[in-house]
């Protein structure tokens, strides 16, 4: 059996592990457009800041591949999938045959329409290890850096650059930072904390044009302001990397369409990770959930099923756990101010703390915690199990909730685990 995996990150690596665990003799080949073994993508901002050394970036060492007899083809980009012939053509002219194929191609940066953007040598994305290395090589202590995007990627880029450059300005069209994740009061807490580190925010505007030939020297904003810059980082978001899958005729919406077994619309082709639409636990709909744990889990499920097992992927929901300059943020589910039966916010800006709970139809469907995350596990469990809040022992809005919130029989199960039939 020949297994071919496009992608060498969380989903691809987990699939390869599952394949080898269930098929000791099959041929496993991973192709990656990047030039390094698998690395921890969330670490790139810490590499940029110097907190993580290059040797500690790897998610898997060379020995991982060798010990499992996995062939890895780095600097190799899939150009075309011929599903009928069961082959993948690479950009360098190779033809790779497969019996089972996994597409784990991840995400690519979204590049907004900015006049005179193309060809500028000092414009970077911030999604890969190579991006971080190129930025690190290009900056100095006097560099004026403009970051387009005040989302998770843009803010982590700003944190990684802090203390390494002369000036950092973050520009975003939204009225707040992390607009897809935070409500306005919570966003203000995060923004004010980051701004204390001499990082400037210009919101409610966007970059319309770049001035300079080959090197961006100024950016012109849509509100008429002009900013001088030595480095421009485009970090306005990501999109599923689906070009090859789409050209192959696979069913596509915003991402590759898969079932709960990670099958695509084509026989013997599976997909997992940021490039697919995942089944959302809260809405019971398929949507993009670009999360590392989600990708790893889907990759494992795909690998097991490629090897002949029949395993079903669980439903997921959006979750983020991150810090900015020491401020801890955890969010899960639906947390922005939209159509909820009830939303409870406990804000203490003077202590830089926030707790927001969103409730719909007697169930918790989202929460946000800033510097107040001791009960995150309980809130997550309530969402994951779709627990009816009316059946709990007391109101979840209480600050010091604990396992005592569950009825006694449920509480004992949480503490001791559910007994097996043979133990009863």
Subject >> Complete set of residues in region 21-47 that are under 26 Å from the mean Cα position of the chain (by Cα) and part of a helix (DSSP H, G or I) >> reply: 41, 42, 43, 44, 45, 46, 47
Subject >> Looking only at region 26-51, and only at residues there that are in contact with a strand residue (DSSP E or B) (Cβ under 7 Å, 6 or more places away or on another chain) and surrounded by fewer than 19 Cβ atoms within 10 Å (Cβ to Cβ), the one that is nearest to residue 78 (Cα to Cα) >> reply: 27
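Do we have residue 187 as out of contact with any strand residue (DSSP E or B) (no Cβ under 9 Å at 6 or more places or on another chain) and either part of a strand (DSSP E or B) or surrounded by 17 or more Cβ atoms within 10 Å (Cβ to Cβ) (or both) here? Walk me through it before giving the result.
On the way: out of contact with any strand residue (DSSP E or B) (no Cβ under 9 Å at 6 or more places or on another chain): yes; either part of a strand (DSSP E or B) or surrounded by 17 or more Cβ atoms within 10 Å (Cβ to Cβ) (or both): yes.
Criteria met by residue 187.
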Original post:
Can residue 168 be described as surrounded by 20 or more Cβ atoms within 10 Å (Cβ to Cβ) and in a helix (DSSP H, G or I)?
Top reply: no
**OP:** Determine whether region 274-289 contains at least one residue that is out of contact with any strand residue (DSSP E or B) (no Cβ under 7 Å at 6 or more places or on another chain), under 20 Å from residue 42 (Cβ atoms), surrounded by fewer than 22 Cβ atoms within 10 Å (Cβ to Cβ) and free of Cβ contacts under 8 Å to residues at least 12 places away in the same chain.
**Re:** no
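Check 302, 271, 267, 295 and return the single one that is more than 18 Å from residue 384 (Cα to Cα), in contact with a helix residue (DSSP H, G or I) (Cβ under 6 Å, 6 or more places away or on another chain) and outside the structural domain of residue 190 (by TED's automatic domain parsing). Steps first, answer last, please.
Details: 271 fails: in contact with a helix residue (DSSP H, G or I) (Cβ under 6 Å, 6 or more places away or on another chain); 267 fails: in contact with a helix residue (DSSP H, G or I) (Cβ under 6 Å, 6 or more places away or on another chain); 295 fails: more than 18 Å from residue 384 (Cα to Cα).
Checking each option against the conditions leaves just 302.
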**OP:** Examine region 81-90 for a residue that is surrounded by fewer than 18 Cβ atoms within 10 Å (Cβ to Cβ), in the same structural domain as residue 246 (by TED's automatic domain parsing) and under 22 Å from the mean Cα position of the chain (by Cα), and state whether such a residue exists.
**Re:** no
Original post:
Failed condition for residue 229, given (1) surrounded by 17 or more Cβ atoms within 10 Å (Cβ to Cβ); (2) outside the structural domain of residue 160 (by TED's automatic domain parsing), with all others met?
Top reply: (2)
Original post:
Out of (1) within 16 Å of residue 45 (Cα to Cα); (2) touching a residue at least 24 places away in the same chain (Cβ under 8 Å); (3) out of contact with any helix residue (DSSP H, G or I) (no Cβ under 7 Å at 6 or more places or on another chain), the odd one out for residue 137 is which?
Top reply: (2)
Subject >> residue 247 vs. criteria touching a strand residue (DSSP E or B) at 6+ places or on another chain (Cβ under 7 Å) and assigned by TED's automatic domain parsing to the domain that holds residue 191 >> reply: no
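The values are calculated or read from the model by the stated rules, or taken from the named source; none is laboratory data. Every value quoted in this text rests on a predicted model; they were computed, and no experiment measured them. All Cβ positions, even for glycine, are placed from backbone atoms using ideal geometry, and neighbour counts span all protein chains on display.
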